[in-house]
């Protein structure tokens, strides 16, 4: 369940509330019964594990698979000099 931060506009009381996504936002300060507002802050994100980098998702060749190479150009026949 997400934790939301609130601050009162009248008395500047700050508090947190655990609410479901579907719950309505709180509107009244528990201290002075004044109007409150949600406080938004930056959230740190840490990507752990594999799959987050370009090299993680690159196809790896195995010993049973031949490496892809470009075909060599066929030699051109030499011109006849008689």
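The values are calculated or read from the model by the stated rules, or taken from the named source; none is laboratory data. In this text, all values refer to a predicted model and were calculated from it rather than measured experimentally. Don't worry about glycine lacking a Cβ; one is built from the backbone with ideal geometry, like all the others, and counts go over all protein chains shown.
In table form, for the structure just shown:
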| item | result |
| --- | --- |
| Conditions (1) modelled with pLDDT of 80 or more; (2) in a loop (DSSP other than H, G, I, E, B); number of the one not met by residue 7 | (2) |
| Contacts under 8 angstrom Cβ, first residue in the stretch 1-25 being at positive phi and surrounded by 11 or more Cβ atoms within 10 Å (Cβ to Cβ), partner at pLDDT below 90 and part of a strand (DSSP E or B), 6 or more apart | none |
| Residue in the stretch 26-36 that is in a loop (DSSP other than H, G, I, E, B), under 24 Å from the mean Cα position of the chain (by Cα) and in contact (Cβ under 8 Å) with a residue 12 or more places away in the chain present | no |
